[in-house]
Structure formats: C-alpha cells, structure tokens
Amino acid sequence: MVAPIGQDLDKALHLLESGELVAIPTETVYGLAANALNGRAVAKIFEAKNRPSFDPLIVHVASMQHARKFAIEFPLQAEALARRFWPGPLTLLLPKTSEIPDLVTAGLDRVGLRCPAHPLTISLLAHASFPLAAPSANPFGYISPTTAHHVQDQLGNKVSYIIDGGPSRVGIESTIVGWEHNEPVIYRLGGISTELIEAVVGAVLVKPHSTSHPQAPGQLTSHYAPRKPFLLGDLMSLAAAHPHKRLGVLSWKGFDRMPGSVQMVLSPNGDLTEAAHHLFSMMRTLDESPVELVIAEEVPNQGLGRAINDRLRRAAAKV
Ligand code: TXA
Ligand code: MG
C-alpha cells in the first residue's frame, strides 16, 4: 500500500483529526505529523519511524500567539527570536504546559516549538484545532526527506496521506535554541545560522554534540546516515585511496578529475544557501546510484556551512 500524494488540505485535516499520520511539507524538510495533543496518534509516529521513545518531537504551531498556549514561559529573548525568524527554520525549547503529552517531549520539561514557513502547512495549522507533532519524515537515522517522493519511497506504507508542497526551500532542519541559566544555547545547527541568532541575542553557546545520553538525537554522532559507505575528506586523496571502486562524488563547487564516477555538485557558484537546499537530495541520489562508495568534502565553515558540515560529519560517522 502506498499513500496518496496531493494538496487536499481538507482530507489531511480530517485524517489528522482521526488520529492518523500525514506527511507535511516544510521549508526545512518534510515532517511526519500527528495531532500533538493526542498521545495515541503521537505513538504512531514513533512506531512508523522506528524511533526510540527517548527522542522528543518538535511541535509545530501556526503563530507565536499559538505557541504561547503551550509554553509556561516565553522569555524575552525567545520572543525576540520568534519575532525575527518565525515562520522559519527555528525551534525554541521552552517549558511546556501540561497540555503537551509527555510522550511528545520524551518526559522532558521543555517542548520544542516551531512555526514552519510553508504556505500549505501554515494553512493546515491555521485550520486545525491542535498543533502538529512532527519529526523529519525518514526512518530513524536515515537522510531527511526534502520532497514528497522521498517520503513516499520510505514511509509510503506508514502514512495515510502525503501533502506535496514541492522541494523544501531551505533543505536543512531547523536550528534548535534553548536556555540554560538564562543563557541561550544552540542544540542543533540548522537553517538559521549561528551568526544570525547571535545578532539577536548576543553570544550563544553551541552544544551540538553530546556524549552518552543525548538531549537531542540529532546530536547523536552518527545520524543522517546513507546506506552506502560515505567518506568525508579531501576528494583527491579519498579518490586516490579507492582506485578500483565505482565512486559517487559530492563536491562543494565541482570536481572534474573523476571519469566514470557519479558526480553531484552542491553549488557550482559556491553559494551556501544553494548547497543546503541540495544537500539531502544529492546525498540520497548518490546513495541510490550504482556506486560502491560515496566520497564528499566539507564546505566553508561559516553561516549555513556549519550546519551543512555538521550533517556531512554525522553522515560519515561510523555507528
Ligand atoms: O526542521 C525541522 O526541525 C524538522 C521539520 C519537520 O520541522 N523537524 C525535525 O524533527 O528535524 P526531528 O525529530 O527529525 O529532529 C528534532 C530534534 C531531535 O533531535 C530531537 O531530539 C530534538 O529536536 N528535540 C525535540 N524536542 C526536544 C526537546 N523538548 N528537548 C530537546 N531536544 C528536542
Ligand atoms: Mg530527523
């Protein structure tokens, strides 16, 4: 059984009201959504993704006003960030109200709230009487989906409907910001660069890696992992080290020395925004190509480049 793909928001809303799962487009990546206030519906997300239940879900809301209903406190810095970047690729970790089921936050006191910037999903949220809990719509640990067909390919038999909103504009997940002792902390690098966050709230602590007990599994060292071996480093040296393998190559601006390889270029003009937009779909295309090994290089480590490099390193990390 495969899920129907379309743009019928009434149908999507009806399914969500009945506790079913619907894949939703966002500007970052596609989400696997359920009514966040319905614990049984939320449980289906964990089952469909094969996701460990210690991994909390982001709750998507229609507006800042809507977000306030689910946070006990909305500190001034959070408000400033929300005003500047919502709707957009920013998730705020704020102390939750009791209306949010514990399963959504994996028992944590804070809930991740985000107002996504996609017209279809904003319209869906505006018509729903509940917020939507949604992780990225991929099996746990695999590359995140940026088109409706990516979702269809991997979770098509687990969702009731897929809303097709076209390719995700930003292409990389939201930046996650929370506060510790009133100081802002970035827990996941994402679609809003650290520089832009700091322009609003001043210096932030970046804590994207965690040790044994992750606060966010996007922090797990190995994540976003392709199925084929995926090596990150200097393309020339990596290619030289694997002379007899059929290679997939993911380059930053191009790499012309490799006849017989399958090549993907993140951004021929060296534009980090374009590179982020292409990242996951190119990783996926290479993973599905008839190659034995994929080699990739980092992009400049600034702005969105830091989030891109974060994803590349986790994809390359050995489990
Ligand atoms: O851009 C995005 O954020 C996408 C779209 C669909 O909105 N969603 C997404 O969800 O990336 P997911 O579940 O794949 O990643 C969310 C990350 C996880 O690493 C999770 O552990 C962390 O956010 N997270 C969510 N709620 C949290 C909480 N209450 N405390 C700490 N981390 C949280
Ligand atoms: Mg994810």
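The values are calculated or read from the model by the stated rules, or taken from the named source; none is laboratory data. Worth saying up front: this structure is predicted, and the values here are computed from it rather than measured. Glycine also receives a Cβ, built like all others from the backbone with ideal geometry; neighbour counts cover every protein chain displayed. These area figures cover heavy atoms from the full protein model, side chains too; ligands, DNA and RNA do not enter into them. Shrake-Rupley method; radii C 1.70, N 1.55, O 1.52, S 1.80 Å.
Brief remarks on what is shown
- In this simple spin-label model, placing a label point 7 Å from the Cα along the Cα-to-Cβ direction at both Lys253 and Asn182 gives a separation of 4.6 nm.
- Proximity of backbone amide H atoms, modeled 1.01 Å from N, is registered between Arg188 and Ile176 at under 5 Å, excluding neighbours fewer than 5 places apart on the same chain.
- With R₀ set to 41 Å, the beta-carbon distance separating Asn269 from Lys318 gives a calculated FRET efficiency near 0.80.
- Longest stretch of the chain clear of exposed loop sites (GluC sites (Glu not before Pro), DSSP loop, at most 13 other Cβ atoms within 10 Å, sites excluded): 100-291.
- For the range 99-200, the relative contact order is 14 percent, taking Cα pairs closer than 8 Å that sit 6 or more residues apart in sequence and dividing their mean separation by the residue count.
- In the range 1-84, the chymotrypsin sites (Phe, Trp or Tyr not before Pro) that fall in loop regions by DSSP, at most 13 other Cβ within 10 Å: Phe54
- Calculated FRET value between Glu79 and Asn157, using beta carbons and R₀ = 51 Å, to 0.05: 0.75
- Apportionment of accessible area to carbon and sulfur, the chain, percent (1.4 Å): 53 percent
- Net lengthening on full extension, His127/Phe140 (0.36 nm per residue, minus Cα-Cα): 1.7 nm
- Under 5 Å from the amide H of Ile72 lie the amide H atoms of Lys96, Thr97, each residue being 5 or more positions distant or on a separate chain, with H modelled from the backbone and absent for Pro and chain starts.
- Value of [θ]222 nm, deg cm²/dmol, for the chain, DSSP H segments ≥ 4, -39500 (n - 2.57) each, nearest 500: -9000 deg cm²/dmol
- Oblate is the label for the range 47-142, because the ratio a/c of its alpha-carbon gyration tensor axes (a ≥ b ≥ c) is 1.5 or higher and a/b is not greater than b/c.
- Computed extension length for Met236-Ile72: 53.7 nm, one decimal, from 0.36 nm per residue of separation with the Cα-Cα distance subtracted.
- Contact order relative to length of the range 8-114, as percent, for alpha carbon pairs under 8 angstrom and 6 or more apart: 27 percent
- What the Cβ-Cβ distance of Glu288 and Gln65 gives, at R0 = 45 Å and to the nearest 0.05, is a FRET efficiency of 0.60.
- Note on the chain: with charges restricted to the Cβ of Lys and Arg (+1) and Asp and Glu (-1), its dipole about the Cα centre is near 420 debye.
- The residues of the chain expose, per residue, 42 Å² of accessible area to a 1.4 Å probe.
- What separates the Cα centres of the range 76-100 and the range 224-245 is a distance of 39 Å.
- Around the amide H of Tyr224, modelled in the peptide plane, lie the amide H atoms of Gly141, Tyr142, all under 5 Å away and 5 or more residues distant in sequence or on another chain.
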